[in-house]
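The values are calculated or read from the model by the stated rules, or taken from the named source; none is laboratory data. Everything numeric in this text was worked out from a predicted model, so none of it was measured. With ideal geometry, Cβ positions are generated from the backbone for all residues, glycine too; neighbour counts draw on all protein chains shown. Ligands, DNA and RNA are stripped out before the accessible areas are found, and what is left, the full protein with its side chains, is counted by its heavy atoms. Shrake-Rupley method; radii C 1.70, N 1.55, O 1.52, S 1.80 Å.
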Amino acid sequence: AASSVPAIAHTMQPLRAKSGALLIDATYNASTDGVLSGIADLSLYKKSKRSVIFQDIIELGSEAAADHERIARAMAASAQTVLLLASPLMPLIMAELKKQGMTHDQIFTEDRLADFLKTVDADTVVFFAGRGAGRILNKLV
């Protein structure tokens with residue numbers, strides 16, 4: 001019965017990039033638990049390079065800073081590269097990524113988008129978290 005329920009587009013939807021990379025489209029919506037689960041799932045894919053494209057989650061209220069630090073720790077533990085999209089919490093997320101040992105060469109921002117895109121090849125899985133990441137996804141498919 002569950003197999004007859006249609007999948008919702010942009011909710012952990014696998015896509016193939018022009019480069020052959022596996023893209024996991026979770027751009028429909030974002031929650032802390034959903035993003036953390038998607039990041040954890042990166043290890044399930046048989047690709048040697050794991051990347052996350054992320055823009056902060058809005059409407060978390062007083063938990064926003066703590067939740068984004070948790071997400072940054074998960075990204076640092078699971079991904080070799082991260083592309084952060086412009087947002088009010090980007091400095092906090094970037095600081096936590098660096099605290100966790102990620103370097104400038106692993107953390108990309110939109111001003112270095114072309115450099116990030118060069119890292120995405122057939123041996124890469126990329127997790128796209130949140131609506132803002134959708135505009136980057138469209139550049140790869």
How high is the relative contact order of the stretch 43-97, in percent, counting Cα pairs under 8 Å that sit 6 or more residues apart? 47
Rounded to a whole %, the carbon-and-sulfur portion of the accessible area of the chain at a 1.4 Å probe is 55
Longest exposed-loop-site-free stretch of the chain, with trypsin sites (Lys or Arg not before Pro), DSSP loop and at most 11 other Cβ within 10 Å? 47-141
DSSP beta bridges in the chain: the antiparallel percent, rounded to 5, is 20
Note on the stretch 7-81: C-alpha Rg/Rh, Kirkwood Rh, two decimals, gives 0.97
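Could you give the accessible area per residue of the stretch 17-141, probe 1.4 Å, as a whole number in Å²?
On a per-residue basis, the stretch 17-141 sits at 47 Å².
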Karplus (6.51, -1.76, 1.60) ³J(HN,Hα), θ = phi - 60°, over the stretch 129-138, in Hz, Gly and Pro reported as x: 10, x, 4, x, 5, x, 6, 7, 4, 5
Expressed as a whole-number percentage, the relative contact order of the stretch 61-141 with C-alpha contacts under 8 angstrom and at least six residues apart is 28
In Å, what is the Rg of the alpha-carbon atoms in the chain, and how long is Dmax? 14.3, 48
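Using Cα pairs under 8 angstrom and six or more residues apart, how large is the relative contact order of the chain, in percent?
The normalised contact order for the chain reaches 38 percent.
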GluC sites (Glu not before Pro) within the stretch 41-87, DSSP loop, no more than 13 other Cβ atoms inside 10 Å: Glu59
Euclidean distance between Cα centres, the stretch 85-141 to the stretch 30-73, Å: 12
